[in-house]
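These notes are about the structure you will find just below.
The values are calculated or read from the model by the stated rules, or taken from the named source; none is laboratory data. All values reported here derive from a predicted model rather than from experimental measurement. No Cβ is skipped: glycine too gets one built from the backbone with ideal geometry, and neighbour counts run over all protein chains shown. The area values use the complete protein model at the heavy-atom level, side chains included, leaving out ligands, DNA and RNA. Shrake-Rupley method; radii C 1.70, N 1.55, O 1.52, S 1.80 Å.
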Amino acid sequence: MEVLAIFASSFVLAFSGAMMPGPLLTVTITESARRGFIAGPLLILGHALLELLLVVALLLGLASVLTNPQVGSTIAIVGGIFLLYMGWGMARDAHQGKIKLELPKVEGSTSEPESKKVGLHPVAAGIFVSLSNPYWSLWWATLGLGYITLSLKEGTAGLVSFFTGHILADFIWYSLIAGAVVAGRKFLSQRIYQRVLVLCGLFLICLGGLFVYRGFSDIT
């Protein structure tokens with residue numbers, strides 16, 4: 001995979017994952033309603049710092065292992081299968097209207113009752129909310145690790161491209177959510193959201209097939 005391809009595919013992969021409803025999305029919506037647009041980028045800053053530490057930790061402890069062709073191939077195949085499953089589920093559920101994006105309309109004051117406040121600075125909340133999500137750990141144990149393995153074939157440039165594309169997707173999506181909350185969801189409809197999810201699901205299926213193909217190709 002070339003550096004530019006790593007960046008582009010990492011961006012779309014991360015964007016697809018970020019669009020799925022989860023605890024970080026919920027906190028982004030509530031904190032944006034209370035604090036304004038800045039809550040979205042600040043939450044993702046905490047999320048990004050946590051993921052950067054994770055990537056560094058993986059490299060320090062697993063770099064020599066990940067560069068082993070057999071280990072890398074196995075990780076790629078497992079990650080690809082998970083990606084195929086996730087992509088199919090995403091495209092199917094979005095097409096059937098099972099996934100919805102619930103955004104509140106903010107009118108007048110953006111304050112909330114004290115009982116609904118997170119109580120943490122958005123950067124800290126981004127860290128702890130990410131850690132509390134089991135899907136986040138599963139993603140990095142399968143897809144994230146597989147992508148790191150493939151990116152390392154292009155050296156440091158490949159790894160930087162992967163992480164930059166991954167974090168940029170998070171920043172763009174959650175900033176869009178924060179903006180939609182503040183603006184009263186004027187530019188993000190359910191139909192657009194679900195259609196984009198279908199396209200992302202199809203992309204994940206193609207990318208999963210590529211992972212599996214590359215994994216078996218490296219073995220043979």
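Within the assembled protein chains, the solvent-accessible surface assigned to PHE15 is about 40 Å², based on a 1.4 Å probe. The residues CYS206, CYS200, sorted by heavy-atom accessible surface at 1.4 Å with ligands and nucleic acids left out, run CYS206, CYS200 from largest to smallest. Per-residue extension of 0.36 nm, minus the Cα-Cα distance of LEU53 and ASP93, leaves a gain of 11.1 nm for this segment.
With all protein chains in place and a 1.4 Å probe, the accessible surface of the range 139-179 carries 74 percent carbon and sulfur.
Going by accessible area, probe 1.4 Å, with all protein chains left in place, what is the ranking of SER9, SER217, largest first?
Details: SER9 15, SER217 45 Å².
From most exposed to least exposed: SER217, SER9.
Given a 1.4 Å probe, how much area per residue of the range 147-187 is accessible, in Å²?
Numbers: 1500 Å² over 41 residues.
Accessible surface, normalised per residue, equals 37 Å².
If you plug the beta carbon distance of ARG195 and THR164 into 1/(1 + (r/R0)^6) with R0 = 25 Å, you get a FRET efficiency near 0.40. The string of couplings for the range 153-161 from the Karplus curve (6.51, -1.76, 1.60, θ = phi - 60°) is 5, 9, x, 4, 4, x, 5, 5, 5 Hz, one whole number per residue in order, with x for Gly and Pro.
In the range 9-27, whose amide N lies under 13 Å from the spot 7 Å out along Cα-to-Cβ of CYS206? List them in ranges. Answer for this model: 9-10, 12-13.
Evaluating 6.51 cos²θ - 1.76 cosθ + 1.60 at θ = phi - 60° for every residue in the range 168-177, the Karplus couplings come out as 4, 4, 4, 4, 5, 5, 6, 5, 5, 4 Hz, glycine and proline recorded as x.
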